[in-house]
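The values are calculated or read from the model by the stated rules, or taken from the named source; none is laboratory data. These numbers were taken from a predicted model, which means no experiment stands behind them. Cβ coordinates were reconstructed from backbone atoms using ideal geometry, including for glycine residues, and neighbour counts include every protein chain displayed. Accessible surface is based on the protein model in full, side chains and every heavy atom, while ligands, DNA and RNA are left aside. Shrake-Rupley method; radii C 1.70, N 1.55, O 1.52, S 1.80 Å.
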Amino acid sequence: GTEFSADIALHEYGETFYAASFVTSGAGTHEMTSEAKEMTLGELKDYVELETPDLLSYDRNSARVEVSYEAAEGVVVTEYGICYADFADPKLSDNSSEAVEGVVSVDGLEPGKAYHMCPYLKDGEHVVYGKSVSLAVYGLPVVVTAENPEKNTDSAVLCGEVQDHCGKKVTERGFLWRADAVQSLDPESDNKVKAGSGLGPFSATIEELEPNRNYSFCAYAVNEEGMAFGEVVRFTTGVAMPVHGLPDVVDIS
């Protein structure tokens, strides 16, 4: 009349097992065994629920993604994280990154490219996948400043190029400049000249410069992620030529 139970750790998901209860008496070695009962362990996915990944932050080449799960008692979680690729429903055989305290760091991404990220969880050799979601990372534009601007005594033609919009349209581009040789330029305080929008090379002319003086400039480009800057380039305007002329004769005596 005594009821009893026991916990059995199997972890062979999807496999069929047989179990029978037994009782051994204290008098001799007499043993009573019940009829074996068949039982089939469900798949790992029947015992785990993976939440939809949540994008925490990103820059132009990487992202931080939060992933969480709920697992039934008895599931031994040996690893969980994110699978990712530029096609739907990626698996561990593609790219993957393991979670550390619920956060996955994914590196080596291309800005503006669409990726799919799928959470996964492992119990030993058994794997379950969650729902795949799309993700794209963006970044500041890639802009370069051309060296050796075309210059004379009082003007210069500045050149630059937007090489990559990094997933977001370039809405403004141009140059920052100021007199004197400096290491950096400030869009809040230095001179700015705009030169259109979009990808590709661009140029602008600055005028009313002083002869034989140092100037500094850099190209810039703007998208929804912010403003990016090229290297600062310095140049010196030409020396003004002296003016020669003949004296006017005022009087002869």
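What the table shows:
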item	result
Pick from region 16-64, criterion open to solvent by less than 90 Å² (accessible area, probe 1.4 Å) and among the aromatic types (Phe, Trp, Tyr), ranking: nearest to GLY74 (Cα to Cα)	TYR47
Subset of region 100-126 that is of a type in the set (Val, Ile, Thr) and surrounded by 18 or more Cβ atoms within 10 Å (Cβ to Cβ) - its residue that is nearest to TYR69 (Cα to Cα)	VAL104
The one condition in (1) modelled with pLDDT under 95; (2) under 30 Å from GLU110 (Cα atoms); (3) touching a Gly at 6+ places or on another chain (Cβ under 9 Å) that SER184 fails to fulfil	(3)
Lone qualifier among SER57, SER5 - being in a strand (DSSP E or B) and not hydrophobic (A, V, I, L, M, F, W, C)	SER57
Unique residue being over 21 Å from the mean Cα position of the chain (by Cα), in a strand (DSSP E or B) and β-branched (Val, Ile, Thr) when the list is VAL23, VAL65	VAL23
Filter pass, GLU70 being loosely packed, with under 12 Cβ neighbours inside 10 Å, in contact with a strand residue (DSSP E or B) (Cβ under 6 Å, 6 or more places away or on another chain) and outside any loop (DSSP other than H, G, I, E, B)	yes
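One line per residue, one yes/no per condition, for (1) touching a residue at least 60 places away in the same chain (Cβ under 8 Å); (2) more than 22 Å from LEU209 (Cβ to Cβ):
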| residue | (1), (2) |
| --- | --- |
| ALA156 | yes, no |
| VAL162 | no, yes |
| LYS169 | no, yes |
| LYS192 | no, no |
